[in-house]
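Take a look at the structure below.
The values are calculated or read from the model by the stated rules, or taken from the named source; none is laboratory data. Quick caveat, the model's predicted, so the values are computed rather than measured. Positions of Cβ are generated from backbone atoms using ideal geometry, with glycine treated the same way; all protein chains shown enter the neighbour counts. Quick note on the areas: whole protein, heavy atoms, side chains included, nothing else; ligands and nucleic acids left out. Shrake-Rupley method; radii C 1.70, N 1.55, O 1.52, S 1.80 Å.
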There are 2 protein chains.
Amino acid sequence: MTDLYPENKRIQNYLFNIFRSISKKYGYEEIEPPILESAEIYKKSGQEIPEQMYSFKDKSSRLLALRPETTPSIARMINNKSLSLPIKWFSISRCFRYERTQAGRSKEFDQYNIDMIGSTSMQADAEIIKTLVEILKSLKLTKKDFFIRISNRKLIDDLLKSINITNIKQVSQLIDKKDKLQEKDFKLALKDLKLTNKQIQDLLKIIKISSLDKIKIESSGLTELKELFSYLKSYNILDYCKLDLSIMRGFDYYTSTVFEAFDTKKQFRAIAGGGRYDNLASFPGVGYGFGDRVILLLLENKLPKLEKQVDYYIAPVNKKIIPKAIQIAEKLRKTSTVELDLLNRNLSKQIKYASLITNNLIIVGEKDIKNKKVTLRDLKTGKEKKILISRL
Amino acid sequence: MTDLYPENKRIQNYLFNIFRSISKKYGYEEIEPPILESAEIYKKSGQEIPEQMYSFKDKSSRLLALRPETTPSIARMINNKSLSLPIKWFSISRCFRYERTQAGRSKEFDQYNIDMIGSTSMQADAEIIKTLVEILKSLKLTKKDFFIRISNRKLIDDLLKSINITNIKQVSQLIDKKDKLQEKDFKLALKDLKLTNKQIQDLLKIIKISSLDKIKIESSGLTELKELFSYLKSYNILDYCKLDLSIMRGFDYYTSTVFEAFDTKKQFRAIAGGGRYDNLASFPGVGYGFGDRVILLLLENKLPKLEKQVDYYIAPVNKKIIPKAIQIAEKLRKTSTVELDLLNRNLSKQIKYASLITNNLIIVGEKDIKNKKVTLRDLKTGKEKKILISRL
């Protein structure tokens, strides 16, 4: 991660506050697993993640990893304690992946996770997807900016079986990489996996299916997806959602629903991604991870102007009067944010600085103090008045 | 770190919110350095910390460390960028130290840091110490519970010189460990450092000095401490502060003021500790670190009762009515926190669960819905009324 200076941290907090407030609106509670985990819990995190993990042996020779993603820790936390259902959790967690730095990737990043555990109903999947849409809308993004691609692992498996594909895992992993390949290269790679031309043609049709009504096979995945879309309709977010059987999510632990949020211009990697994992923990679950890097790139021009602001700046006119200025500052701090000069600057320098961070300047001068007064200046209008300290 | 379940994370957030609100009251802004740092920046972090660091080589053979403390990162951030003064920063950062787990210590912990950079005035030290007192008071601790021990490195150096001690660094390191030793063993250790009996007697007197007026040597450290105490008086916190020339703080980068917050019963290690570091960064600075572990032990019985709470719980009476229930939940979520059943529980199970997390239960029944109504039950009094959905 790069250093977060105040101007960066303000933006991050703006994002985190939206994560927190949407999660709470839906009744989710914040949790936090540790950063250092036993490396072995990431065995089901697909191909990429274990390769990109920072891992090392500690002084007692345990193989530790810096958390590369959050879901396995959540599963561990659920298995370690007797909890009553539903478990509705969210977290904002630092994660680490060692990879060539590219747009929207960095070695150290923060990830928001939200998980609903204990329900097999597609209601849960719909609520989880709805929180994702709500977060993106709260960030002032519209359906012109993003959409959610949705699929179901059981359905794609059944569709691949229906055209007699047997090496389903390998083919799925290849489909997962499709967006990074030219169609020609994708076909060649399918051929390398021993698919016939007919199978390749069928497969290309399958991953382009855009409506569930066009699917004629029997599949519990199809039933789930239909149910999910009916709930997404109740949530009034069908406009943001799109069936896309080509998405896989790289993680081995997803068992059914999978989904990703993308920018419509497809300039970036997925903004967020998740799915249902019914076998990872002792209860079925559904959730997603949402990293802070891609969204900040996407938001670039949509971020609010966030500047340092305090309610008052207190300017003592000389060193002798500082004890009085301290008392005035402390009185105001009972209800306000207050900055007091600590650099012993002259008054004009103090005013120049104060005008960057507040509208309300209080000048503490020797003469005024004798009358138990200070000068309050409105830095926007330049208007001044004397005011009794007791009236502040 | 242990896993933070919702009940633990609520407490941590209570603590963090106090850190944040006091910092902002004094005009400090949040920043965040990365967790992975180059190991070499901790060379001035005293004896203990480099020994307890988690460090490892990454794939390009750089020696990295998991941040054991925050101040060196802050110094690096200040040196890396052209910043205008004053720099008033705070951070809440995960830190890592490998040590035998003992009360108030764990391998992974969170540390609050606050730093005022760019001023050599003791005003800055006083403001920083005041924020510490304010935080502890906000946590409902009183002067019966804690006090701040304050010293000055220059003064203790000058005092040691005044009794002709030459191996000042070694003697200081020993004084730092005094609290862990019997007086007898402390004296023996001083003897090992070649102090004469007279020097040992004088040294024992020095570290017991409780009033600055009793010090008769010339020392810029004495001048600073007198000034500091006069400002602490302006801040009205003399009652919480105590001169204690035996405190050192283990860090090599402190140059002048040093201070620690302690519980009055001395049951625990320091709650927080800091000091002035005028040579670590390109500007003089003063600040402290405040870990989350000791304070949570100390607060044990003083923590507020924090439970999961939502404004409304929505109970659909059967599966058919869920789409209607979703719409009602979404309407309320515009302004409220709302939990909707996702487990398809029967009504009595839903009510039992709802009563744990809210006072306001909304039952969505088929008959009511036909009249565009729902049942609103006050779970405290048991009173129910039918209410038009449009009036919710």
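Give me the mean projected area, in nm² to one decimal, of the convex hull enclosing the Cα positions of the stretch B:1-132.
Quarter of the Cα hull surface area: 9.9 nm².
As a test of understanding, state the convex hull volume per residue of the stretch B:155-302 from its alpha carbons, in Å³.
On the way: hull volume 20.2 nm³, N = 148.
Residue-normalised Cα hull volume stands at 137 Å³.
For the stretch A:144-273, give the magnitude of the charge dipole about the Cα centre (Cβ charges: +1 Lys/Arg, -1 Asp/Glu; no others), in debye to the nearest 20.
The dipole magnitude comes to about 400 debye.
Quick one: if the Förster radius is 35 Å, what FRET efficiency do A:I217 and A:L238 give, using the C-beta to C-beta distance and rounding to 0.05?
0.90
Which one of A:G275, A:L132, A:I328 is farthest out on the positive end of the charge dipole of chain A, using unit charges on Cβ (Lys, Arg +1; Asp, Glu -1) and the Cα centre as origin?
The listed residue farthest towards the positive side: A:I328.
In 5 Å bins starting at zero, report the fraction of Cα pairs in the stretch A:219-305 per bin as a rounded %.
Per 5 Å bin, starting at 0, the Cα pair percentages come out as 3, 12, 19, 23, 19, 13, 7, 3, 1, 0.
Roughly how big is the B-A contact, given as buried accessible area in Å² (both sides, 1.4 Å probe, nearest 100)?
The summed interface area works out to 6700 Å².
Convert each backbone phi in the stretch B:174-184 into a coupling constant with the Karplus relation 6.51 cos²θ - 1.76 cosθ + 1.60 (shift: θ = phi - 60°), then list the ³J(HN,Hα) values in order as whole Hz, x for Gly and Pro.
Couplings: 6, 4, 4, 9, 3, 4, 8, 10, 5, 4, 4 Hz.
Testing the spin-label approximation: label points 7 Å from Cα along Cα→Cβ at A:D252 and B:D278. State their distance in nm.
6.0 nm
Based on the mean of other Cβ atoms within 10 Å per residue, sort peptides B:121-133, A:277-289 so the most packed one is first.
B:121-133, A:277-289
Please work out the Cα center distance from the stretch B:233-260 to the stretch B:335-392, rounded to the nearest Å.
The distance from the Cα centre of the stretch B:233-260 to that of the stretch B:335-392 comes to 56 Å.
Mean-square fluctuation check for chain A, GNM, Cα pairs under 10 Å: which of A:S21, A:S61, A:S119 is largest?
The residue with the greatest mean-square fluctuation here is A:S61.
Taking the axis about which chain A rotates onto chain B, which residue of A lies nearest it as judged by Cβ position, and how many whole Å separate them?
So the chain A residue sitting closest to the axis is A:F56, 2.
How would you classify the stretch A:312-391 from its alpha-carbon gyration tensor, with a ≥ b ≥ c the square roots of the eigenvalues: rounded for a/c under 1.5, else prolate if a/b is greater than b/c, otherwise oblate?
Taking the square roots of the gyration eigenvalues as a ≥ b ≥ c, the stretch A:312-391 is rounded.
In nm, what does the list of distances from B:L306 to its counterparts in the other copies look like, shortest first, when each label sits 7 Å along Cα to Cβ?
List, nearest first: 2.1 nm.
To the nearest 0.05, how large is the calculated FRET efficiency for A:S390 and B:K169 if R₀ is 45 Å and r is the Cβ-Cβ distance?
Here the calculated transfer efficiency is 0.30.
For chain B, what does the helix formula give at 222 nm: sum of -39500 (n - 2.57) over DSSP H segments with n ≥ 4, over the residue count, nearest 500 deg cm²/dmol?
Calculated from helices alone, the mean residue ellipticity at 222 nm is -11000 deg cm²/dmol.
How much space per residue, in cubic angstrom, does the convex hull of the C-alpha atoms of the stretch B:6-298 take up?
In the stretch B:6-298, the Cα hull volume divided by residue count equals 146 Å³.
Over 24 Å between Cα atoms, which of A:K88/B:K367; B:K161/B:K194; B:K143/B:K205; B:K81/B:K137; A:K386/B:K88 qualify?
A:K88/B:K367; B:K143/B:K205; B:K81/B:K137; A:K386/B:K88
Hey, which of these cross-link pairs are over 27 Å Cα-Cα: A:K319/B:K233; A:K57/A:K177; B:K208/B:K266?
Table pairs above 27 Å Cα-Cα are A:K57/A:K177.
With just the Cα atoms defining each centre, how far is the stretch A:117-137 from the stretch B:143-193? Give it in Å.
The distance from the Cα centre of the stretch A:117-137 to that of the stretch B:143-193 comes to 60 Å.
Distances from B:L188 to the same residue in each other copy, label points 7 Å out along Cα→Cβ, in nm, shortest first?
Copy-to-copy label distances for B:L188: 7.8 nm.
Between the stretch B:208-230 and the stretch A:283-334, how far is it from one alpha carbon centroid to the other, in angstrom?
Between the Cα centres of the stretch B:208-230 and the stretch A:283-334 lies a distance of 36 Å.
Using +1 at the C-beta of Lys and Arg and -1 at the C-beta of Asp and Glu, which of A:N301, A:L245, A:S219 has the Cα lying farthest in the positive direction of the dipole of the stretch A:213-343?
About the Cα centre, the residue reaching furthest to the positive side is A:N301.
I'd like the Kirkwood hydrodynamic radius of the protein assembly as shown, using the inverse of the mean 1/r over distinct C-alpha pairs, in Å.
29.7 Å
About the Cα centre of chain B, what is the dipole size in debye to 20, counting +1 per Lys and Arg Cβ and -1 per Asp and Glu Cβ, all else neutral?
Values: 72 positive and 48 negative charges, 366 e Å.
Dipole magnitude for chain B comes out near 1760 debye.
Round to the nearest 10 and give me the degree value, 0 to 90, for the angle of helix B:197-206's Cα axis relative to the longest principal axis of chain B.
Its long axis makes an angle of about 40 degrees.
Please get the size of the charge dipole for the protein assembly as shown, origin at its Cα centre, with Cβ charges of +1 on Lys and Arg and -1 on Asp and Glu, quoted in debye to the nearest 20.
The calculated dipole for the protein assembly as shown is roughly 1780 debye.
Taking θ as phi - 60°, what are the ³J(HN,Hα) couplings along the stretch A:110-125 by the Karplus curve (6.51, -1.76, 1.60), each to the nearest whole Hz, with x for Gly and Pro?
9, 10, 8, 10, 9, 9, 10, 10, x, 10, 9, 6, 5, 3, 5, 4
I'd like to know how the stretch B:185-256 sits against the 2.2 N^0.38 Å rule of thumb: what's its Cα Rg over that expected value?
Cα-based Rg divided by the globular estimate yields 1.32.
Which one, B:A261, B:S121, B:I362, projects farthest toward the positive side of the charge dipole computed for chain B from Cβ point charges (K/R +1, D/E -1)?
B:I362
So the label point sits 7 Å from Cα along the Cα-to-Cβ vector; using that for A:E48, what distances do you get to the other copies, in nanometres, sorted shortest first?
Values, ascending and in nm: 4.2.
So who's got an amide H within less than 5 Å of the one on B:L4, skipping anything under 5 residues away but keeping other chains? H placed 1.01 Å off N, in plane.
Amide H neighbours of B:L4, under 5 Å, 5+ apart: A:E32.
Mind pulling the angle between the C-alpha long axis of helix B:347-357 and the longest principal axis of chain B? Nearest 10 degrees, somewhere in 0 to 90.
30 degrees
Give me a comma-separated list of calculated 3J(HN,Hα) values for the stretch B:268-280, in order, Karplus coefficients 6.51, -1.76, 1.60 applied at θ = phi - 60°, integers in Hz, x for any Gly or Pro.
With the stated coefficients, the stretch B:268-280 comes to 10, 5, 4, 6, 7, x, x, x, 9, 10, 8, 10, 7 Hz.
Which of B:Y28, B:Y312, B:Y54 ends up with the largest GNM mean-square fluctuation for chain B, with Cα atoms connected below 10 Å?
Result for chain B, Cα springs under 10 Å: B:Y312 fluctuates most.
Rounded to the nearest 10 degrees, what's the angle between the helix B:153-162 long axis and the longest principal axis of chain B, both from Cα atoms, 0 to 90?
20 degrees
Give the carbon-plus-sulfur fraction of the accessible surface of the protein assembly as shown in %, rounded to a whole number; probe 1.4 Å, heavy atoms of protein chains only.
49 percent
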